[in-house]
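Here the structure comes first, spelled out in structure tokens, and everything after it is commentary.
Every number here is computed from the coordinates shown, using simple stated rules; none is lab data. This one's a predicted model, so the numbers in the text were calculated from it and none came from an experiment. Every residue, glycine as well, gets a Cβ built from its backbone with ideal geometry; the counts of neighbours run over all protein chains shown.
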Amino acid sequence: MKTIKWFIPMLAAVLMPLNAPAQSKLPAPLPEYTPVTDARLLKPEAHNWLQIRGGYDGIGYSALDKINTGNVKRLVPVWSYSTGQLEGHQAPPIVNNGVMFISTPRNQVLALNAKTGAQIWRYQRDFADDVNHPHPTNRGVALYNDKVYLATMDAFVVCLDARTGKLVWETKLAENKANYYFTLAPLIAKGKVMVGSSGGEYGIRGFIAAVDAETGKEAWRTYTIPAPGEPGSETWQGDQWKSGGGSVWVTGNYDPKLGLAYFGTGNPGPWPADAHPGDNLYTTSVIALDVETGKIRGHHQYHWNDNWDWDEVSTPLLFDVKRNGRTFPALVHPGRNGYLWLLERKQDSVGFVDAKPFVKQEVFTAIDPKTGRPTYDDSKRLLVGKTTTFCPSHWGGKDWPPAAYNPKTNLIYIPAHENLCVTLAGEAKIAPYAPGKRYVGTDASKTRLFPREGAKYIGEVQAWDMNTGKKAWSYPYPDMDINWGPLLTTAGGLVFAGGSQDRKFRALDARNGKLLWEFVTNSGVTAMPSSYMVDGVQYIAVQSGWGVDAQKMTGRLNDSMNRKVTVPQGGVVWVFAVK
Amino acid sequence: MEDRRTVIKAALGVGLGAVLPEVTLAQADPRNARPQDGDRFVITEGDRKGAVVKLDDLKTGAPPITVMPQDPANGTVRDGSRLNQILMVRIDEARLKDDTKARAAQGVVAYSAVCTHTGCDGLSWASDKLWFKCPCHETEFDAADSARVVNGPAPRRLPALPLKIVEGYVVAAGAFIGRAGVTAP
């Protein structure tokens, strides 16, 4: 009898397919689950946080106000959860009627009770030892009907049962051996699960693909670099389009009225300007895609022939702006190139309205007032075999951490890096493209990141009024700290921000930038915060887990500033409430 | 190597293949197998791409070369996995620490070219300090001292590959010491 008891699980293990995801023993499935319908995504309830930035507009705003400027001082942690993972935790807690879904590095998804922190299920996708994933992070899951969707480090989209965490289907979209990998959360609209590929430092050809939410079958694929003969292909030479970069690192936003999804695109590669002559469409751009077909309906290229690694990965925020007495549907983008871009959403184009620097920018000498096309200081261009120094650094005025917009204050909040410059050295001879090989064209050992002489701060949170085009306030981080913190703003008049090496998560007054509350977490906070309510109690939630570019910037600044800052690693989900 | 293949065949023969870890089966393919005692090495980039590495190819003071192992029995290059990328460099023997010297062949040392932190390759070389530096998160490894971590976030050294010289060729004298690639939860 003992033998039989032992034998049955052994037999089950033998019969399990090789590629089955590793799953922990599951508690009972959720007894109730509210499907996430198109209608709910279009009009999300204030007590939930159904998408990574709260809604299709990507503004990172919660309409909850129980936690507010008057009581935020009494904010305390009510539960926490160790994810068991190292590296960059960047995903937000997504909450649907009391159930929290959260992703971590290494293809893990957790379903937790949003009130108590109890684990409901845990999924981790198996992957090969030699997976290519130089940016070990994941920026969140997407919910649709009764399913959870994850874009994986090995370039798959997986669909899980929201009640149990069990795999429903998986679809491979690209070859990881050639260094295609996913870091973004899927965007879901009209039954299409849209993802895009990272890997720009390895000569990928960036793309956005949509798969059917029910079946996983690929519906369309649009490359960010056109093939010969397609519109924009005239901006490339020879075969460079095949390995020209244009990564899609970050989730798009969606305008349901226009039926268009807006995605930001990465830089062309290899980095030096003369390694890829031409404007290089649609790199360093925002592109507007018809979600039904994937067709590009409009674009705006923030800067042409990038050679500063200024990926314009962030997706513009979608909100209305009033300029010169006219209110229009805008795209607002604090760019990695250090300019704050104001564009107009239209059915068949993206219109340029205005751009001005939000950090000191020494590369652009002018912006064409009609088209927005910049003119460059040629001495600042990185060329093959040449060294150049420029500000802001290659991490830009703002990297991927999303900005937030608060309709009550009418301010957009920007996690910025001011006063940072870099020296880059172009390789004298760039090795030809080979799949899976680094394809950057700089000598990384000669890269030097440093603060501008006399600088008093680096990381800051800025607030801008887009109607006037003026900065309202700035909160500079103390001690020359950096800011890799995605922002959340709330109807309670608050802006939540982490991102610093001092491990703090803090609340600022959304009206004036005054520091109202702060809490030292286990690690550094580089994840998107969220807010939700269960049983009448409002919570603020965020992961803390330092890694990826924030860690890299720390290392580079340690070198140039002769300091030894270390930020401990390891992911923890933190949930706060007022007591 | 033969022993392991025999074990795998035996396991498959009795229908237990499904319980073996995927990585083990993948390594049954000689292209995916990690370097083994007796393997030669092939240059993977530059003008001499494809050439089999001889001792004379490595000059003291020259920068490292990136190579992949080759099964000498049939010439199969083990290029099926990025974890087989190996950095090889020749260092003045007087500068090698004892453990490193014991694994070296006439000053030639070899290490996994994949950083143990997040798995990046393309490490650069500081010829004065004899350090490798990862382009992703700045970890520096001392090539003269078992590729131990000198600076940066990597949790452990680069796995070393013991070497010997056979008929003028640089040849593996064993397997990687430690697992190549990232070790994480």
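Quick notes
- Scalar couplings 3J(HN,Hα) for the range A:68-83, obtained by applying the Karplus form with A = 6.51, B = -1.76, C = 1.60 to θ = phi - 60°, are 8, 4, x, 10, 4, 4, 9, 6, 9, x, 10, 7, 9, 8, 7, 7 Hz; x denotes Gly and Pro.
- 25 Å Cα-Cα reach of A:K504 towards lysines, excluding residues that sit fewer than 8 places from it in its own chain: A:K66, A:K73, A:K115, A:K398, A:K456, A:K471, A:K514, A:K552, A:K564, A:K579
- Nonlocal amide H pairs with A:Y302, under 5 Å, H built at 1.01 Å: A:S285, A:V286
- Tail beyond 13 Å, pair distance distribution of the range A:435-501 (Cα, percent): 76
- Once the mean of 1/r is taken over each pair of separate Cα atoms and inverted, the range A:104-236 shows a Kirkwood hydrodynamic radius of 15.6 Å.
- Here the range B:31-172 is treated with +1 on each Lys and Arg Cβ and -1 on each Asp and Glu Cβ, and its dipole about the Cα centre works out to around 180 debye.
- Convex hull volume of the C-alpha atoms in the range A:460-530, normalised per residue: 92 Å³.
- The lysines within cross-link reach of A:K43, meaning a Cα-to-Cα straight distance under 17 Å and a gap of 8 or more places when in the same chain, are A:K190, A:K257.
- The alpha carbon radius of gyration of the range B:31-172, expressed as a multiple of 2.2 N^0.38 Å, is 0.96.
- Shape summary of the range B:77-125, radius of gyration then Dmax from alpha carbon positions: 12.5, 36 Å.
- Charge dipole (debye, nearest 20) of the protein assembly as shown; +1 at Cβ of Lys and Arg, -1 at Cβ of Asp and Glu: 1420
- Put the Cα centre of the range B:92-118 next to the Cα centre of the range A:196-233 and the gap is 42 Å.
- Note on the range A:342-420: the alpha carbon radius of gyration divided by the globular reference 2.2 N^0.38 Å gives 1.33.
- Phi-based couplings in Hz for the range A:388-405 (Karplus 6.51, -1.76, 1.60; Gly and Pro marked x): 9, 10, 8, 9, x, 5, 5, 7, x, x, 8, 8, 6, x, x, 6, 9, 10
- Adding -39500 (n - 2.57) for every DSSP H run of four residues or longer, then dividing by how many residues chain A holds, sets the calculated 222 nm ellipticity at -1500 deg cm²/dmol.
- Ratio of Rg to Rh over the range A:333-483 (Cα coordinates, Kirkwood Rh, two decimals): 1.02
- Mean Cα-pair separation over length for the range B:31-172, i.e. relative contact order, pairs under 8 Å, 6 or more apart, %: 23
- Amide H contacts of A:L281 (H built 1.01 Å from N, under 5 Å, at least 5 apart or other chain): A:T235
- Residues with amide H under 5 Å from that of A:N145, placed H, sequence gap 5 or more: A:V36, A:T37
- Pairwise Cα separations in the protein assembly as shown fall into 20 Å bins from 0 onward with the following percentages, short to long: 17, 50, 29, 4, 0.
- Isolated Cys residues of chain A, judged by Cβ distance under 4.7 Å to other cysteines: A:C159
- Remark: relative contact order (chain A) = 15 percent; criterion is Cα-Cα distance under 8 angstrom and separation of 6 or more residues.
- The range A:198-256: proportion of alpha-carbon pairs further apart than 16 angstrom, %: 54
- Each of A:T171, A:W304, A:V520 was scored by the projection of its Cα onto the charge dipole of chain A, and the greatest displacement toward the positive side belongs to A:V520; charges sit on the C-beta of Lys, Arg, Asp and Glu.
- Listed by chain and number, the aspartates and glutamates placed with their C-alpha closer than 18 angstrom to that of A:K166 are A:E32, A:D126, A:D146, A:E214; residues fewer than eight positions away on the same chain are left out.
- The range A:472-486 - phi-based ³J(HN,Hα) in whole Hz, Karplus 6.51/-1.76/1.60, Gly and Pro as x: 8, 6, 9, 10, x, 6, x, 6, 6, 6, 9, 9, 10, x, x
- Percent of C-alpha pairs per 10 Å bin, the range A:238-287, short to long: 26, 43, 22, 9, 0
- Note on the range A:257-393: the alpha carbon radius of gyration divided by the globular reference 2.2 N^0.38 Å gives 1.07.
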